């Protein structure tokens, strides 16, 4: 018993030292406040409005990733390495500049697509997409702070800014309804970003760009390109079913029920994702040692899977009582969607550490290839199952995809990373 207590105490001390507890508490606080906002929204807005918000959020998530160009991954990876401070600031600033340019171009493109009816969705999307540069630049700042091991500072900023946005936007929804809620999100996120920008104003200075060599610039965009493709495909797998459902079923109520179930899953993912946020810079420093990478991944996978199983058991047992209690009896239909997605969450926990490890060692290209296969499979399953079973088919399609993706990741990780890395070591030794 004493040995067990010492081990648990040691784990808490380690978690506190690397910033896990600070980051986790901040992420949980953000999710709790967001949940509170969603709970009030389900009482204030109609189920159809909740469904429309979910559709807008799905489009925005994809557009935000397109506008990022994957440069946030480049910043996290390269600025975590042992390079000079000026180089790190140069990488951050050149990524900051290109993110502004790409995001503004994307806003113009979305406006054109909506006006020409190529994208058939609520016209508020044209205004909602002004969040693209705000979200991307804010995220870029946070991953830069993360790469500098300033996790406590990052956690505090995230906590206060998100809680501020959630509370005020919910109040606006109560007073001004659906449209007021959308416009308040744009304004409040802009105010929050400007406040964060003041805090990091010394780092945001384009003169540092001159410290970047051509080879380093090439590394930034090489990592970013594959990370962009991989992240975009990953988000497509999460959101394409909702977008497809708007064409195949056009049932805003069922999309709203499904959206609440997916919201809870997204909140649950925060806990294992926090562990991933801590592991990425750690594994990045071990990039040149394949054996250490394998050992760290093995430990990481065990912790991640056990954590997800524990969360799933508690969530699965309490969902039939908690969801109607928290969101209202109107959302009892969300329970079955949630139980199906919960299985997908467990499957995700079995392969997601491999994706984070590949990102850490600079092999985002492998992530990209694997996600191409997974998203293609997911698209086919969604098309077939949504037509026959509606949003239940969408939930089943995602869960089946996650199950098959376990085998895809294990196969390609061994074939394209482990085997290649070991051959390179043997070649150098000879």
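If you wrap the tightest convex hull around every Cα atom of region 311-351 and split its volume per residue, you get 57 Å³. Protection proxy ranking of 367-374, 88-95, by the mean of other Cβ atoms within 10 Å over each peptide's residues and highest first, is 88-95, 367-374. The calculated FRET efficiency for residue 176 paired with residue 318, based on their beta-carbon distance and R0 = 51 Å, is about 0.90. Entry for region 249-367 at q = 0.12, 0.13, 0.15, 0.17 Å⁻¹: log10 I(q)/I(0) = -0.53, -0.60, -0.72, -0.83, Debye formula applied to identical alpha-carbon scatterers, no solvent contribution.
Between Rg and the Kirkwood Rh of region 312-430, both from Cα atoms, what is the Rg to Rh ratio?
Details: Rg = 18.8 Å, Rh = 16.4 Å.
So for region 312-430, dividing Rg by the Kirkwood Rh gives 1.14.
Taking the fewest neighbouring Cβ atoms within 10 Å as the starting point, the ordered list for 414, 162, 126 is 414, 126, 162.
Sorted from fewest to most neighbouring beta carbons within 10 Å, what does the list 187, 228 look like?
187, 228
The spread of Cα positions in region 185-274, taken along each principal axis and listed from longest to shortest, comes to 53, 32, 28 Å.
Between residue 101 and residue 194, the modelled label-to-label distance comes to 2.6 nm, taking each label 7 Å out from Cα in the direction of the beta carbon.
Ranked from highest to lowest mean number of other Cβ atoms within 10 Å per residue, what is the order of the peptides 135-147, 236-248, 303-315? If you can, show how the numbers build up before the last one.
Values: 135-147: 21.9, 236-248: 19.9, 303-315: 15.5.
Listed from highest to lowest mean packing, they are 135-147, 236-248, 303-315.
In plain terms, the chain from residue 123 to residue 403 could stretch by 97.1 nm, reckoned as 0.36 nm per residue minus the Cα-Cα distance.
Per residue and in cubic angstrom, what volume does the convex hull of the Cα atoms of region 275-324 have? Write down the numbers at each step before the final one.
Values: hull volume 3.2 nm³, N = 50.
About 64 Å³ per residue, rounded to a whole number.
Between residue 294 and residue 111, take the C-beta separation as r, use R0 = 56 Å, and let me know the FRET efficiency to the nearest 0.05. Show your work: numbers first, answer last.
Working: r = 48 Å, r/R0 = 0.85.
Calculated transfer efficiency: 0.70.
Residues 84, 364, 332, ranked from the fewest to the most other C-beta atoms within 10 Å, line up as 84, 332, 364. Among 353-359, 103-109, the peptide with the highest mean count of other Cβ atoms within 10 Å heads the list, and the full ranking is 353-359, 103-109.
Quick note: the coordinates plus some simple rules give every number you see, no bench work behind them. This one's a predicted model, so the numbers in the text were calculated from it and none came from an experiment. Cβ: placed from backbone, ideal geometry, glycine included. Neighbour counts: every protein chain shown.
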